[in-house]
Amino acid sequence: MTIQKVGVIGCGLMGHGIAQIAAASGHDVVVRETEQGALDKGLGRIRKSLAKLVEKEKLTQDVADGAFGRITGTLDLADLADCDLVVEAIIEDLGIKNTLYAELGRICKPATILASNTSSFRVGDMGAASGRPERMVGLHFFNPVQLMKLVEVVKTDKTSDEVFAEAKAFGEAVGKVPVSASDTPGFVVNRLLVPYMAEAMRMVERGDATVEDVDAGMTLGCGYPMGPFTLTDYVGLDTTLSILEGWHAEDPSNPLFVPPALLKQKVAEGKLGRKSGEGFYDWQGDKRA
């Protein structure tokens, strides 16, 4: 295991969690944001999360302080140049990601492993943009990163075996269970999950069942922690639509990837789920109204 210094690009919902678990496992971490306000907010989330773990007696105060002390915030991408691993966790916009990876390819030392936390794009496309596709992998963590035990490690047809093995070892080092995935739409989890959510919407469109009945059926009948409509509200209807539209554009013959009309309608109305206060359900903060 040669990864000692980790760069994280983005200190938002996913990035702050990735930075926290890397620091908590003993890595030095440099986390980069584009604006000071966003950086301060992300570092504040990390401090708050560590404090909760101390309160629940899952960490001692000394360990929490040590983890936070290993994190350095920056607005300068060049500060990631000497990192052994750089994990990108920014907006799901392939154009923005490719521009970033082209810059990382110029800035980072030759041995740096580049990784994307993308949930929907081909990792190989970003590897090509970086100019070092053999050192590119996917490291797809799940929200909340601090609690979810899974990380999908994605190998492209250009990723070297050595880099793939190091990425899996990093996943284990930060306390996750790594599963291997090919560079296909949705990898393992979302390839199954997103079409399931879309089919639930098509059931409602056809009048086969109501939103509430579908959710009750999957929670009480299958033991799922939440039904597909509650889950879509959590994920964000706009995010779900963006994923399906991207997959459909890439493979228009696959009926599983067709975005449901109901989903398009909700997004057009600004009903994006929990974050907007209304989606398939009404929300008051993080709880259904």
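The chymotrypsin sites (Phe, Trp or Tyr not before Pro) of the range 167-217 include none that meets both criteria, a DSSP state outside H, G, I, E and B (loop) and at most 15 other C-beta atoms within 10 angstrom of the site's C-beta. Using DSSP, restrict attention to beta bridges with both residues in the chain and report what percent are antiparallel, rounded to the nearest 5. Restricted to the chain, the bridges split so that about 25 percent are antiparallel. A Förster distance of 22 Å, applied to the separation of the beta-carbon atoms of ALA111 and ASP28, puts the FRET efficiency at 0.90.
Taking each residue as 0.36 nm, the span from TYR196 to THR72 lengthens on full extension beyond its C-alpha to C-alpha distance by 40.7 nm. When the Cα positions of GLY26, ASN143, GLY279 are compared along the charge dipole of the chain, GLY26 comes out farthest toward the positive end, with charges on each C-beta of Lys, Arg, Asp and Glu. Partners of LYS41 within straight-line reach, counting lysines whose Cα lies under 28 Å from its Cα and excluding those fewer than 8 residues away in the same chain: LYS5, LYS52, LYS56, LYS58, LYS97, LYS149, LYS176, LYS271, LYS275, LYS287. Computing percent of Cα pairs over 31 Å apart for the structure here picks out one of [x] 35; [y] 20; [z] 31, namely [z].
The per residue volume of the convex hull around the alpha-carbon atoms of the range 126-243 is 119 Å³. Which GluC sites (Glu not before Pro) in the range 1-106 sit in a loop by DSSP (not H, G, I, E or B) and have at most 11 other Cβ atoms within 10 Å of their own Cβ? For GluC sites (Glu not before Pro) across the range 1-106 that sit outside H, G, I, E and B with at most 11 neighbouring Cβ atoms in 10 Å, the list reads GLU35, GLU57. The magnitude of the dipole of the range 5-182, with charges of +1 and -1 set on the Cβ of Lys/Arg and Asp/Glu and taken from the Cα centre, is near 320 debye. Exposure proxy shown here: for SER253, SER116, SER242, the number of other Cβ atoms within 10 Å sets the order, fewest to most, as SER253, SER242, SER116.
Looking at the range 129-218, which trypsin sites (Lys or Arg not before Pro) are in a loop (DSSP not H, G, I, E or B) and have at most 11 other Cβ atoms within 10 Å? Passing sites in the range 129-218 are LYS149. Mean residue ellipticity, 222 nm, helices only, the chain: the sum of -39500 (n - 2.57) across DSSP H runs of n ≥ 4, divided by residue count and rounded to 500, is -14500 deg cm²/dmol. With neighbour counts taken as other beta-carbon atoms within 10 Å, the residues LEU80, LEU150, LEU39 rank, fewest first, as LEU150, LEU39, LEU80. Taking other C-beta atoms within 10 angstrom as a stand-in for reagent exposure, HIS27, HIS248, HIS16 fall in the order HIS248, HIS27, HIS16, fewest first.
Along the axis of the charge dipole computed for the chain (Cβ charges of +1 for Lys and Arg, -1 for Asp and Glu, origin at the Cα centre), the listed residues GLY17, ALA64, GLY175 are led at the positive end by ALA64. Here the relative contact order of the chain, from alpha carbon pairs under 8 Å that lie six or more residues apart, stands at 13 percent.
Using the Cα centre of the chain as origin and beta-carbon charges of +1 (Lys, Arg) and -1 (Asp, Glu), tell me which of THR156, THR219, LEU53 is placed farthest towards the positive end of the dipole. So the residue we want is LEU53.
Each value in this text was obtained by applying a stated rule to the coordinates, not by laboratory testing. None of the values given here were measured: they were computed from a predicted structure. Quick reminder, even Gly has a Cβ in these numbers, built from the backbone with ideal geometry, and neighbours come from all protein chains shown.
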